[in-house]
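Asker: Just passing along the structure, written as structure tokens.
The values are calculated or read from the model by the stated rules, or taken from the named source; none is laboratory data. For clarity, every value in this text was computed on a predicted model and none was experimentally measured. Here the Cβ positions follow ideal geometry from the backbone for every residue, glycine too, while neighbour counts run over all protein chains shown. The accessibility values were calculated without ligands, DNA or RNA, using every heavy atom of the protein model including side chains. Shrake-Rupley method; radii C 1.70, N 1.55, O 1.52, S 1.80 Å.
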Amino acid sequence: MCEALNLSLFSPKKDLCDICESYKAGNVSDIDYKTHRDKKDEARKELAKEIFTEHEVLTMDLQSVLLSPRSNVSPLYYTTKLIVHNFSLYDCKRNWGYCYIWNECEGKLTSNEFSTIIVTALEKLRTQNTTQHNKEIIIYSDGCTYQNRNVVLSNALLNYSMEKKVTIKQKYLEKGHTQMECDSMHLVIERALKNKKINIPVDYVYIAKTDCKKNPYDVQYLYHHFFKDVEHTLEFYKSIRPGKKQVTLQSQT
Ligand SMILES: [Zn+2]
């Protein structure tokens, strides 16, 4: 019946890769597709390999938008809701998860918010684990510009690197194939949210804290004073755009 009507089950768009799907439709050349697959495999192998080195390996990502209040009671469908964000980092060596949750009144989604969170998480990792000094910290993420690939974050990481004398490397997974360990944290949280009621944003903290029973997540609820204005205080790099021009570090006054 379905075939006769040319119907099929809908595959969620977030699970599909644009390039792979375009290739199937004949809109991407064999060479471009091969390059894409090779990059994907290379990034995956690198991540799998680095977990077994002495270096610290983190993955990080932003969970899709959460809402508050959240309930199955129908009148609540029509009320105005607050948007709640959760940025997660996953320590692949120790299987520890960190969640940073805030609502739209306390912070936005700019490089300042993400830079503050990432540096805070690195410092937490350093203080919780004193044996990791002098090791490299390798951070895997997707290439999302405002979150993970921008000059503000590069300045924040460079500043942290100089202060604590650690080497930090950022690596990006190939677009369309960015599933990471931290995404499984989001799945655990979403599963736990089924049939649960959220009255205020901070309720998400309790859900995230109690979800993962094996290794409970380290969850922090953030207020506006937590976020730093990294953009206007750290200006070592002016740009991280690739180019021929050599980058010279600006000294801080
Ligand atoms: Zn693909």
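Asker: When you look at Thr80, is it polar (S, T, N, Q), surrounded by fewer than 16 Cβ atoms within 10 Å (Cβ to Cβ) and in a loop (DSSP other than H, G, I, E, B), yes or no?
Answerer: Judged against the criteria, Thr80 is a match.
Asker: Let me ask something else. Quick one: what pairs do we get from the range 215-236, first residue in a loop (DSSP other than H, G, I, E, B), second among the hydrophobic types (A, V, I, L, M, F, W, C) and surrounded by fewer than 18 Cβ atoms within 10 Å (Cβ to Cβ), C-beta under 7 Å, 6+ apart or different chains?
Answerer: Phe236/Leu158; Phe236/Leu249
Asker: Condition (residue is among the hydrophobic types (A, V, I, L, M, F, W, C), within 13 Å of the ligand (Cβ to nearest atom) and farther than 27 Å from Tyr90 by Cα) applied to the range 33-48: is it met by at least one residue?
Answerer: Taking every residue of the range 33-48 in turn, none turns out to be among the hydrophobic types (A, V, I, L, M, F, W, C), within 13 Å of the ligand (Cβ to nearest atom) and farther than 27 Å from Tyr90 by Cα.
Asker: Still on this structure, I have one more. Tally time: how many residues in the range 194-219 are open to solvent by less than 60 Å² (accessible area, probe 1.4 Å) and at pLDDT 90 or above?
Answerer: 11
Asker: Could you tell me whether the range 85-100 includes any residue that is of a type in the set (A, V, I, L, M), crowded, with 23+ Cβ neighbours inside 10 Å and in contact with a strand residue (DSSP E or B) (Cβ under 6 Å, 6 or more places away or on another chain)?
Answerer: There is at least one residue in the range 85-100 that is of a type in the set (A, V, I, L, M), crowded, with 23+ Cβ neighbours inside 10 Å and in contact with a strand residue (DSSP E or B) (Cβ under 6 Å, 6 or more places away or on another chain).
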